[in-house]
Amino acid sequence: MRSFLGPLAAVLALAGQLLASPVEAEALESESSPTPADVDIDADISLDDDSLSLNMTTDLALSSSLARRSGCNQSNCPDSRFGFDVLSNKLRWSEWFYFLRWWGTCGCQKVQIFKDGCKTFTICSGTHSVCMDWKQGRAHWVDPGGVKRCYTLTDEYLCDGKMWAAWPTGEVACTW
């Protein structure tokens, strides 16, 4: 396995030298940088024969490990394009805690729910009611005006199995 740390360290050291002097930093800022259209992101760039290209995977085990740990840093904001999801984390031996996350006119919010996935709560926009039945792959949300919207759900383990999430993938007719 070839290391990419040597070329990376050289680039970081060069960047530090460029910005070490206020005069040099000011001159650097005044130069125009390329626009995204000018940059070829698919270019296979090598520093020398022993270095890795920038778009090359260094170690399959490392990339698999990173994929397993993805999703570890979550905020109060959901990742779903529908504006809500359930995030669960394993805090003790086998005890899971479930949180409903949503965003709307009140900003991003998070509230603890039970394993049944249902919660009625009041926020700045009024009283909302939501049920997420991840075992059946469905959910519904009732807004303060009484309008009920239904969704299909999918779920996945995140963060090497320490977290789990369920989120809507599409809006469907309410048949339940």
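Of all the residues in the range 140-176, those that are outside any strand (DSSP E or B) and either under 15 Å from CYS118 (Cβ atoms) or not hydroxyl-bearing (Ser, Thr, Tyr) (or both) number 12.
The C-beta contact set for the range 75-103 (first residue free of Cβ contacts under 8 Å to residues at least 24 places away in the same chain and in a strand (DSSP E or B), second residue crowded, with 17+ Cβ neighbours inside 10 Å and among the β-branched types (Val, Ile, Thr), distance under 9 angstrom, 6+ apart or interchain) comprises TYR98/VAL86; TYR98/ILE113; PHE99/VAL86; PHE99/ILE113.
Do we have any residue at all in the range 109-125 that's among the β-branched types (Val, Ile, Thr) and not in a strand (DSSP E or B)? Looking through the range 109-125, none of the residues is among the β-branched types (Val, Ile, Thr) and not in a strand (DSSP E or B). In the range 146-168, the qualifying residues are those that are at pLDDT 95 or above and among the hydroxyl-bearing types (Ser, Thr, Tyr), and the one that is farthest from SER129 (Cα to Cα) is THR152. Which of the residues belonging to the range 122-150 are in contact (Cβ under 8 Å) with a residue 40 or more places away in the chain and in contact with a Lys or Arg (Cβ under 7 Å, 6 or more places away or on another chain)? VAL130, TRP141, listed by residue number. Residue check: SER129 meets all listed conditions (1) within 23 Å of GLN74 (Cβ to Cβ); (2) surrounded by 11 or more Cβ atoms within 10 Å (Cβ to Cβ); (3) over 23 Å from the mean Cα position of the chain (by Cα) but one, namely (1).
The values are calculated or read from the model by the stated rules, or taken from the named source; none is laboratory data. Bear in mind that the values here come from a model prediction, so they are computed numbers and not experimental data. Every residue, glycine among them, receives a Cβ derived from its backbone with ideal geometry; neighbour counts consider all protein chains shown.
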